[in-house]
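Student: Just dropping this structure here.
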Amino acid sequence: RPAAASDSSGVGIRLDGVTKVYPGQPTPAVDAFSMSVEPGELIMFVGPSGCGKTTTMKMINRIIEPTSGTISIDGRDVLSLDPNELRRHIGYVIQQIGLFPHMTIGENIAVVPKLLGWSKKRTADRVEELLETVQLSGDFAQRYPRQLSGGQQQRVGVARALAADPPVMLMDEPFGATDPITRERLQAEFLRLQESIGKTIIFVTHDFDEAIRLGDRIAVLSERSRIEQFDTPAAILAAPANDYVRSFIGHGAALKRLALIPVGEAPLGPVTDAGAARVSVADNLRDALDLLVVNGSPSIAVVDREGRAVGSLTMERISAALGVEVADISRPGGVR
Ligand code: ATP
């Protein structure tokens, strides 16, 4: 990832044996979650309904407290932090967006800066900058939420969470309510945004494709409210930790499902250039794929036997997790 453009680049987050048992419930909603998130990492929590995703976000955000275990942000126990200070460190985006209907978009985004006592000028500049960041410049600041589409409202939700430049973002199914096309666009925008802002992000989804597409690492959660595997997308695809993870991604199914995801801005022509790239990949990837092609970009187009692009993974993920060699078709000789 490029160095963060903002001065509050991401900080680390640690969960140590974090468990939540709601009063009167026989089983934990979150069972002994332990993980270490690096500064600037984008972590996906993926799992079925009721596995404890939202509960974990609320504990990190200190809306509720764990029954046992500790959560620290930048090395500090969240329970030792003043809630207002914590609020400055965490941007929270939820599916229901929760924009205030009687406030303009500009006022909605300015909520946290106002709470923090920023000057009018600083707040107005920040609102303008954020609207540009989420590609809603123009008269959007003066409009009301009802005058925006669902996807636009989601972007305002993201802008609002970014307002005070928090080093940590918690995003709970932020694109959950949007149609597939809008969702794809938001995902692509979000990836670009994340590259430029360098926050530490925990992103909840129940959509494995979304997890694969966006995450640096993925925590796969199960119905029994445990973390079954925490690793890079490529490592999880190549070596699922157990039967649960295997069934969750399906044998090769995740890659087939990736066929629904366009490669992005660099469309590949038909891959007829046999010399373009040959890589060795782990067995269950090899089942699904013949070629991995790099076309000068830092991510790899994954191409099936028919030469159709079925997804993309970053170079880093592929080479770290699978130890593959990659050829770059944009370079003479093709090897990098
Ligand atoms: P979804 O994908 O459906 O949003 P989730 O993974 O976010 O699910 P949580 O909302 O964290 O799941 O809930 C985990 C478990 O805790 C569920 O079984 C839920 O019924 C239970 N639960 C959540 N909130 C409470 C509460 N306030 N009191 C009792 N049980 C709760």
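Where a number appears in this text, it was derived from the coordinates with a stated rule and is not lab data. All of these numbers come straight from a predicted model, not from anything done at the bench. All Cβ positions, even for glycine, are placed from backbone atoms using ideal geometry, and neighbour counts span all protein chains on display.
Student: What does the extension gain come out to for Leu115 and Arg192, with contour length at 0.36 nm per residue minus their alpha carbon separation? Provide the component values of the computation, followed by the final result.
Tutor: Numbers: separation 77, 0.36 × 77 = 27.72 nm, distance 2.86 nm.
Taking Leu115 through Arg192 to full extension adds about 24.9 nm, to one decimal.
Student: Place a +1 charge on the Cβ of each Lys and Arg in segment 69-213 and a -1 charge on the Cβ of each Asp and Glu, then give the dipole magnitude about the Cα centre in debye, rounded to the nearest 20. Mind showing how you got there, number by number?
Tutor: Values: 17 positive and 20 negative charges, 102 e Å.
The calculated dipole for segment 69-213 is roughly 480 debye.
Student: OK, next. If I stretch the segment between Arg224 and Gln135 completely, what's the gain in nm (0.36 nm per residue apart, minus their alpha carbon distance), one decimal? Don't jump to the answer; show the numbers that get you there.
Tutor: On the way: separation 89, 0.36 × 89 = 32.04 nm, distance 4.02 nm.
Roughly 28.0 nm would be gained on extension.
Student: Now for a separate question. Rounded to the nearest 0.05, what FRET efficiency do Thr70 and Glu128 give with R0 = 35 Å and r taken as the Cβ-Cβ distance? Could you check? Don't skip to the answer; put the middle values down first.
Tutor: Working: r = 40 Å, r/R0 = 1.13.
That pair, Thr70 with Glu128, gives E of 0.30.
Student: Then there's this: Around Thr56, what is the net charge, scoring Lys/Arg as +1 and Asp/Glu as -1 over all other residues with Cβ under 14 Å from its Cβ?
Tutor: On the way: positive: Arg14, Lys20, Lys53, Lys58, Arg62, Arg226; negative: Asp16, Asp31, Glu65, Asp172, Glu173.
With Lys, Arg at +1 and Asp, Glu at -1, the neighbours total +1.
Student: Now for a separate question. Determine the gain in length on full extension of the stretch Arg185-Phe100; use 0.36 nm per residue of separation and subtract their C-alpha separation, reporting nm with one decimal.
Tutor: Details: separation 85, 0.36 × 85 = 30.60 nm, distance 2.43 nm.
So the chain would gain 28.2 nm between Arg185 and Phe100.
Student: Any lysines with Cα under 18 Å of the Lys53 Cα? List them, leaving off those in the same chain fewer than 8 positions away.
Tutor: Within reach: Lys20.
Student: With +1 on each Lys and Arg Cβ and -1 on each Asp and Glu Cβ, how big is the dipole of segment 8-104 about its Cα centre, in debye rounded to the nearest 20?
Tutor: On the way: 8 positive and 9 negative charges, 53 e Å.
For this selection, approximately 260 debye.
Student: Let me ask you something else. Between Ser80 and Tyr22, what FRET efficiency comes out of the Förster formula 1/(1 + (r/R0)^6) with R0 = 30 Å and r the beta carbon distance, rounded to 0.05? Don't skip to the end; give the middle numbers.
Tutor: Working: r = 24 Å, r/R0 = 0.79.
E(calc), rounded to 0.05, equals 0.80.
Student: If you don't mind, another one. Summing Lys, Arg as +1 and Asp, Glu as -1, what charge do residues with Cβ under 14 Å from the Cβ of Arg226 carry, Arg226 excluded?
Tutor: Values: positive: Lys20, Lys53, Arg224; negative: Asp31, Glu223, Glu228, Asp243.
It works out to a net charge of -1.
Student: Right, something else. Charges only on Cβ, +1 for Lys and Arg, -1 for Asp and Glu: so what's the dipole of segment 111-192 about the Cα centre, in debye to the nearest 20?
Tutor: Details: 12 positive and 11 negative charges, 68 e Å.
For segment 111-192, the charge dipole is close to 320 debye.
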